[in-house]
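The values are calculated or read from the model by the stated rules, or taken from the named source; none is laboratory data. It should be emphasised that the depicted structure is a prediction, and the values quoted were computed from it without experimental measurement. Note: ideal-geometry Cβ built from the backbone for every residue, glycine included; neighbour counts use all protein chains shown. These accessible areas exclude ligands, DNA and RNA; they are computed on the full protein's heavy atoms, side chains included. Shrake-Rupley method; radii C 1.70, N 1.55, O 1.52, S 1.80 Å.
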Amino acid sequence: MGMTMTQKILAAHAGLDKVEAGQLILVNLDRVLGNDITSPVAIREFSKMGVDEVFDRDKVTMVMDHFAPNKDIKAAGQCKMCRDFCNEKEITHFYDVGQMGIEHALLPEKGLVTSGDVVIGADSHTCTYGALGAFSTGVGSTDMACGMATGKAWFKVPSAIKFVLKGKLGPHISGKDVILHIIGKIGVDGALYKSMEFTGEGLDSLSIYDRLTMANMAIEAGAKNGIFEVDSQTLDYVKGRSDREPVIYKADDDAVYDEVIEIDLSEIRSTVAFPHLPENTRTIDEVGDIKIDQVVIGSCTNGHYKDIREAAEIFKGHKVHKNVRAIIIPATQDIYLKAMEDGLLKIFIEAGCVVSTPTCGPCLGGYMGILAKGERAVATTNRNFVGRMGDPESEVYLASPAVAAASAIAGKIAGPEEVL
């Protein structure tokens, strides 16, 4: 009986020839990640362990992104604790204001993750790096502390669902539409503690950024991780970014899956997740007349340059509706700079958008776009739970950058075809 991609990576990092679903194993880590909200808890737990140094100062990363630039005194204190710890322990990869970005966009961009790695992060969307053929998953802050101290973590080996992708994406359709379609199909617990493994000739139609978006939202289906088969696009992306060679793990022909699901990408339509779960999906023609108050384009899910460019192409020559606030958040400094150099920021500002420094900000109801009671937002973020972006009686609709931009112009949820 063969192994899946995830099982092969975990076996290799546990020093085992073979693992099976349900097996408990101790795994060596390639990277341990925290942010300004989760790291302070991990730092306090680390100090209780009686350990003087982290296991490897090059393999621990902290990114100040959730409430940074500091939104209040408490946020300032959290960032200071992280800053002081990283200075004391001589952590190589500490990213503060001016160098930081949204963590799950920043790490791939900086080459801190490559194919075949095992990564844990004290943030649930750490599963993003599966787009590069890595095993990555979110953990609690205590697990982060143990990872920083020992370079190891315990895992129960997950079983898997195989997604066989075929066909090609249509115009204005992206990885966000695909993953929302999948979550709508299997539900928010449809892959509970399983690996979502993506393969098939349809991968050719998905850019690395589409894949990052899809892997990012694997957790929204309850998955332990999402992972894509490594191909030439993956290797082109990681080449030159990391000083480590990528390691490619392919599933065995006789690997065991709980389920095999075929997805025809050519049939995917612009998809919107209604409140208050990512599984409450409707295609754009099923949405109806829903007026909105705010649009947010950014986040670890859809703040990549491709996302920003797609939004700009729709905003060009148009104006944001008078009743809508449109907030654009490039995910990293490099993305922000490229958007500026390519004239995209000018397009946004002339359209009536505001452009923010990289931050998670509004996604988790932190700042830079909180919703009032009764307000509705279309967001390219990953969660639309009750009160996620503000008042418990506000509503969040998840969508692609193309739909979000079109909605900002229309003043209601709309597909790009309606405004172009």
Somewhere in segment 353-367, is a residue over 19 Å from Phe67 (Cα atoms), out of contact with any helix residue (DSSP H, G or I) (no Cβ under 6 Å at 6 or more places or on another chain) and not hydroxyl-bearing (Ser, Thr, Tyr)? yes
Scan segment 84-111 residue by residue and report those that are of a type in the set (A, V, I, L, M, F, W, C) and part of a helix (DSSP H, G or I). Phe85, Cys86, Ala105, Leu106, Leu107
Could you tell me which residue of segment 29-83 is least open to solvent (accessible area, probe 1.4 Å), considering only residues that are among the charged types (D, E, K, R) and part of a helix (DSSP H, G or I)? Glu45
So which residues in segment 21-75 are touching a residue at least 60 places away in the same chain (Cβ under 8 Å) and of a type in the set (S, T, N, Q)? Gln23, Asn28, Asn35, Thr38, Ser39
Give the residue that is nearest to Leu192 (Cα to Cα), with candidates limited to residues of segment 225-265 that are open to solvent by less than 90 Å² (accessible area, probe 1.4 Å), in a helix (DSSP H, G or I) and of a type outside the set (Ser, Thr, Tyr). Leu265
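Kindly evaluate Gly130 against the criterion of being within 27 Å of Leu29 (Cα to Cα), open to solvent by 10 Å² or more (accessible area, probe 1.4 Å) and touching a Ser or Thr at 6+ places or on another chain (Cβ under 7 Å).
no
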Would segment 115-129 turn up any residue that is in a strand (DSSP E or B) and among the aromatic types (Phe, Trp, Tyr)? no
Find the residue count for segment 183-205, including only residues that are crowded, with 24+ Cβ neighbours inside 10 Å and hydrophobic (A, V, I, L, M, F, W, C). 4
Considering residues of segment 135-169 that are assigned to a loop (DSSP other than H, G, I, E, B) and touching a Leu at 6+ places or on another chain (Cβ under 8 Å) only, the residue surrounded by the most Cβ atoms within 10 Å (Cβ to Cβ): Val157
Result of the Cβ filter at 6 Å on segment 162-187, keeping first residues that are closer than 20 Å to Asp231 by Cβ and partners that are open to solvent by 40 Å² or more (accessible area, probe 1.4 Å) and in a loop (DSSP other than H, G, I, E, B), at least 6 apart or interchain, is Lys162/Tyr257
Enumeration of residues in segment 73-118 that are among the basic types (Lys, Arg) and under 27 Å from Leu10 (Cα atoms): Lys110
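Is one or more of the residues making up segment 57-72 aromatic (Phe, Trp, Tyr) and within 27 Å of Lys224 (Cβ to Cβ)? Steps first, please.
Just the residues of segment 57-72 that are aromatic (Phe, Trp, Tyr), to begin with: 67.
Still in the list and also within 27 Å of Lys224 (Cβ to Cβ): none.
No, that holds for no residue.
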Regarding Glu310, is this residue more than 30 Å from Leu192 (Cα to Cα), of a type outside the set (S, T, N, Q) and assigned to a helix (DSSP H, G or I)? yes
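Looking only at segment 249-275, how many residues end up being of a type in the set (A, V, I, L, M), under 30 Å from Gly22 (Cβ atoms) and either at pLDDT below 95 or touching an Asp or Glu at 6+ places or on another chain (Cβ under 9 Å) (or both)?
So the count comes out to 3.
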